[in-house]
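One structure below.
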Amino acid sequence: ESRYNPAEIEAHWQKIWSEQGIDQTQTESDKPKFYALSMFPYPSGNLHMGHVRNYTITDVIARTHRMQGYRVLHPMGWDAFGLPAENAAIQRGVHPAKWTYENIAHMKGQLKPLGFSIDWNHELATCSPDYYKWTQWIFLQFLKAGLAYQKEAAVNWDPIDQTVLANEQVDSEGRSWRSGAKVERKLLRQWFFKITNYAEELLNDLDKLTGWPERVKLMQANWIGKSVGAYLEFPIVGMDEKIGVFTTRPDTVYGVTYVVLAPEHPLTPKVTTQDRKVAVDAFIQEVSEESELERTAEDKPKRGIPTGGKAINPFTGEEIPIWIADYVLYEYGTGAVMGVPAHDTRDFQFATEQKLPIQVAIVRADAADAKVAPKQAYTEPGIVVNSDLFNGMESPHAKEEIIKYAERQGWGKARIQYRLRDWLISRQRYWGAPIPVIHCPNCGIVPVPEADLPVQLPEDVEFKGGRVSSLAQLEGWANVPCPSCGTAAKRETDTMDTFIDSSWYFLRFTDAKNDNQVFDPNKTNDWMPVDQYVGGIEHAILHLLYSRFFTKVLRDRGLLNFDEPFQRLLTQGMVQGLTYMNPTTGKWIPSAQVDPNDPKDPETGEKLEVSYKTMSKSKYNGVAPEAVINKYGADTARMFILFKAPPEKDLEWDEADVEGQFRFLNRVWRLVTDFVAVKGAKPNTPTEGDLTKAEKDLRRAIHTAIKAVTEDLGDEYQFNTAVSELMKLSNALTDANCKDSPVYVEGIETLILMLAPFAPHIAEELWRQTGHSESVHTAPWPQYDPDALVADEITLVIQIMGKTRGTVQVPSQADKQALEQYARESEVAQRYLEGKEIKKVIVVPGKLVNFVVG
Ligand code: ANZ
Ligand code: ZN
């Protein structure tokens, strides 16, 4: 008898599948389409378990849909621009392109043995000129649409990496996430994409994404951050200028006791009086060293100083002081706020510390007019007081009326404010797509003509001073004649944020090799939207938001006919490894140095803290995919990953459970090879005629399994319970008393068919052994027969005084009366009830009969 040898059969079938093109995208148009997509990897050099889990989940979904009659697009590619390539280049003196392509080759080599049904004909790498040519072309579309523009902006400047950083890349201490350098604020001319034009649609269309996790939609909504309120203007005393503020609470305008400007606000120096100048300048300097996170932290004292200037509250005619404070951000709203300490928590904190007056304008509906100073801000809506014309109104109504009044008086208007800011896309780095414009002294910004795309990255890049030269530093590269007037001009030397590359790759996948177009809209509109997108929660905000934005812009340019790129989104959980930490030193100890039964620090002998943590190099808790595949095979690794936890949940890597799945596959192997040995390779014949009880029972087990697995693979992707169902079916086959019946053949084949998406190699091998000449992966998914699910008999529980005493088999059709009769006649009841008086009988149909005795 042959042994299950995963190494042999996996390599064997992978070779044949690739020769026969089994994984290639089918194009038959009569089939419904299904686009299954994993978030494409950054080619860091090594495949880790997180990748394996991601692609396994997508692969099961792709394979199931193929068997269920869909034509499936399941591509793979590389998010290949970005900083690590440059850093590796510096460390090793290799060109970033070489490092990147070598990593791609290596990772592809690691992916192949896992048996993913990927169509490599659609492969792409974002760093390849035939990809970034179209990234540049899309940039030009944005430029034409007025959605790409340059502006002077205060940016986070990393003096070590010599580049601009996004806010998310600066930590709470104001240091770069990558270099650790203290980030500087610098005014630079930068390229932006006008994502704010789409803020409202990006928010509203979240409702269309019924297949997305609620929490991801919430994160996006918060990021967009829509606030409804008013823009109000406060004239400055002695000047012809006004301070505009954005407020969500115009109903509190009679409670304003001061105005605060962000320190960076252009009006700050103008309103500052002579005697306050030195102090104000010093304060501005101090604040410029704080990060946005520090400035807005809830628990931090708010700092600020008076400017000496005064403004007028147009509603009351009162003069109020103008302050500057760190908690007012220049980039949000108008960069200025009206201070209402009675009704805003931050203002209350600030006013209390600074001894500014507190004036009540809103009271709780059931409270009397408050005359005494409150102990904390009342931030809820309520009844307006001390507010002249508006007294007695409820907050929502007062908001409307105050806005109307302000409009009539010319003091302000209704305003909707978004937290979302325009997307800063400029990077002063080498390894990215060059922004395809030319700066001409006569013509200004001139787009590179489409015929001249791509603007290729120069290859003779230098490694100088511990970094890769940016395009600006490459002698000569930027010097070109203006395409429009021929004058000596300069290329733009910024490259694009790599998030741009990943904002449209899913479109290119549908037509990845097109040399003439960004993609053929017919193909893209056919395959899109992605039916199932699978990836990490770390991309819940930026990548998904940017991709949605790109989709809408390209739709508005007439290239796409849909609104949203990703129909359904699955955010998979982390893969965690067993982790050992010394609780006193906080050091992580590699598991190889630890006895799992008695975990102690090998140096100090201290007892170690044991826990599961996301696998990472720094914690020494990673498990290499190759190690698992070499020991057990890819099928076992896949089965374990799918069985161990639902896809959204974290997964604890556990060697014993990996073994468990290996044993299960061995049992299936034996079950089928034993069957083949006895029966010879015999195809499935339809089950006809009267069945014996054993046959009926087995058939019920088979069709119950089909129903359960099919449902588990449906909308909720319960892979873990699906694998349990396969185990149950395998047990039912092992225990069956009808091994020479056609029903048994049906059972064996059903098991193999349903195993195919999970463990594709062993399923293929066993399928062929049972006499099939075509691949199991092109076979149709089994359908369940509802009639087979109906049980002839059920197990009735017999209870005496609520205590279970035994069971009895009864016909499933029996009514209440009959059930009681069967129960009374049962051996169990006879034994326990002998000589006792039955006072009451409780019958729960389909379940139990309970005798109450005296
Ligand atoms: C007066 C007021 C009274 C406010 C009150 C709130 C409660 P969201 O919901 O986040 O949009 N604000 C406006 N611009 C700001 C800036 N640049 N930096 C810091 N704070 C700013 O919040 C809007 C509110 O945040 C605005 O409404 C303003 O304070 C403050 F009882 O105005 B409010
Ligand atoms: Zn010109």
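Where in the range 784-798 does the amide nitrogen come within less than 19 Å of the point 7 Å from the Cα of Glu820, taken along Cα to Cβ? Taking a point 7 Å out along Cα→Cβ of Glu820, the residues of the range 784-798 whose backbone N falls under 19 Å are 796-798.
Taking 0.36 nm per residue of separation and subtracting the current Cα-Cα distance, fully stretching the chain between Ser812 and Val94 would add 251.0 nm.
For His703, the accessible area of its heavy atoms, probed at 1.4 Å with every protein chain present, is near 10 square angstrom.
Taking the inverse of the average 1/r across all pairs of different Cα atoms in the range 763-854, what Kirkwood radius in Å do you get? Write down the numbers at each step before the final one.
Working: mean 1/r = 0.0618 Å⁻¹.
Value: 16.2 Å, from the Cα pair sum.
Would you kindly work out the equivalent ellipsoid of the range 409-560 from its C-alpha gyration tensor and give its semi-axes, the square roots of five times the eigenvalues, largest first in whole Å?
31, 24, 20
For the chain, the longest principal axis of the alpha carbon atoms and the long axis of helix 49-67 meet at an angle near 60°. Put simply, the convex hull of the Cα atoms in the range 53-119 casts, on average, a shadow of 5.3 nm². Applying 1/(1 + (r/R0)^6) with R0 = 45 Å to the Cβ-Cβ distance of Glu407 and Glu716, what FRET efficiency is obtained, to the nearest 0.05? For R0 = 45 Å, the calculated efficiency reads 0.30.
Here the mean projected area of the convex hull built on the C-alpha positions of the range 616-660 is 3.4 nm².
Against the main long axis of the alpha-carbon atoms of the chain, helix 214-224 sits at an angle near 10°. For the chain, the alpha carbon convex hull comes to 276 Å³ per residue, rounded to a whole number.
Taking a straight Cα-Cα cut-off under 18 Å and skipping sequence neighbours fewer than 8 places away in the same chain, the lysines within cross-link reach of Lys631 are Lys112.
Annotation: Leu848 carries an accessible surface of approximately 40 Å², with a 1.4 Å probe and no ligand, DNA or RNA atoms counted.
In this model, which of Lys182/Lys490; Lys587/Lys617; Lys194/Lys226 are farther than 21 Å apart at the alpha-carbon?
Lys182/Lys490
Between Glu603 and Glu28, the modelled label-to-label distance comes to 6.4 nm, taking each label 7 Å out from Cα in the direction of the beta carbon. Length gained on full extension, Asn522 to Glu827, computed as 0.36 nm times the residue gap minus the Cα-Cα distance: 102.6 nm. Note on the range 52-101: with charges restricted to the Cβ of Lys and Arg (+1) and Asp and Glu (-1), its dipole about the Cα centre is near 220 debye. Amide H contacts of Tyr258 (H built 1.01 Å from N, in plane; Pro and chain starts excluded): Gly339 sit under 5 Å, all sequence-distant by 5 or more or on other chains. Around the amide H of Ser616, modelled in the peptide plane, lie the amide H atoms of Asn621, Gly622, all under 5 Å away and 5 or more residues distant in sequence or on another chain. The three principal axes of the Cα atoms in the range 424-469 give end-to-end lengths of 37, 22, 21 Å, sorted in falling order. The listed residues Lys355, Lys277 rank as Lys355, Lys277 when sorted by accessible area, largest first, using a 1.4 Å probe. Among Arg663, Arg415, Arg249, the order of accessible area from largest down is Arg663, Arg415, Arg249, computed with a 1.4 Å probe on protein heavy atoms. These residues, Thr673, Thr692, go from largest to smallest accessible area, 1.4 Å probe, as Thr692, Thr673. Here the simple spin-label model places points 7 Å from the Cα toward Cβ, and for Val446 and Val678 these points are separated by 8.3 nm. In the range 669-796, the alpha-carbon atoms span a convex hull of 115 Å³ per residue. Of the solvent-accessible surface of the chain, computed with a 1.4 Å probe over protein heavy atoms with every protein chain present, carbon and sulfur atoms account for 50 percent. Projected label points at Arg419 and Asp654, each 7 Å from Cα along the beta carbon direction, are separated by 3.8 nanometres. Here Met49 sits with roughly 10 square angstrom of accessible surface, probe radius 1.4 Å. Let me test this: with uniform point scatterers at the alpha carbons of the range 404-446, what is the Debye-based log₁₀ I(q)/I(0) at q = 0.21 1/Å? Log10 of I(q)/I(0), two decimals: -0.85. Relative to the dominant Cα principal axis of the chain, helix 816-825 is inclined by about 50°.
Kirkwood's formula applied to the C-alpha pairs of the range 612-711 gives a hydrodynamic radius of 17.1 angstrom. Were the residues from Ile842 through Leu789 laid out at 0.36 nm apart, the gain over their Cα-Cα distance would be 16.3 nm.
The values are calculated or read from the model by the stated rules, or taken from the named source; none is laboratory data. The model shown is predicted, which means the values in this text are computed figures rather than measured ones. Because the Cβ atoms are built from the backbone with ideal geometry, glycine has one as well, and the counts that use them run over all protein chains shown. Each accessible area value is taken on the protein alone, full model and side chains, heavy atoms only, with ligands, DNA and RNA left out. Shrake-Rupley method; radii C 1.70, N 1.55, O 1.52, S 1.80 Å.
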